[in-house]
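Only one structure is covered here, and it is reproduced in the block below.
The values are calculated or read from the model by the stated rules, or taken from the named source; none is laboratory data. Model, not experiment: these values are computed from the prediction. Glycine also receives a Cβ, built like all others from the backbone with ideal geometry; neighbour counts cover every protein chain displayed.
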Amino acid sequence: AFAGTTQKCTACDKTVYLVDKLTADNRVYHKACFRCHHCNGTLKLGNYNSFEGVLYCRPHFDQLFKRTGSLDKSFEGTPKIVKTDKPA
């Protein structure tokens, strides 16, 4: 009898069967567990980024890391545009 696989999903720690297996960054996931850490949207192998093992969809990865120029994992790190009133 087929006993399945002993591989565990990185996200939920449950057994991953071959038909539901997805491997990304040398980690194993269920297809349904392969989601963006920020928006919980379902990811595909062609549209995700990861940082320190945390998965993100491309828009949120860009918003979190590229725009801020920092890797502090905080939306509050986005630069604020300060308007100064110049006397005429």
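Some notes on this structure:
Table: residues versus (1) at pLDDT below 95; (2) within 12 Å of the chain's Cα centre (by Cα).
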{"site": "Thr5", "(1), (2)": "yes, no"}
{"site": "Lys8", "(1), (2)": "no, no"}
{"site": "Leu18", "(1), (2)": "yes, no"}
{"site": "Asn26", "(1), (2)": "yes, no"}
{"site": "His30", "(1), (2)": "no, no"}
{"site": "Cys33", "(1), (2)": "no, yes"}
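- Breaking point among (1) at pLDDT below 95; (2) surrounded by 12 or more Cβ atoms within 10 Å (Cβ to Cβ); (3) among the charged types (D, E, K, R), for Asp72: (2)
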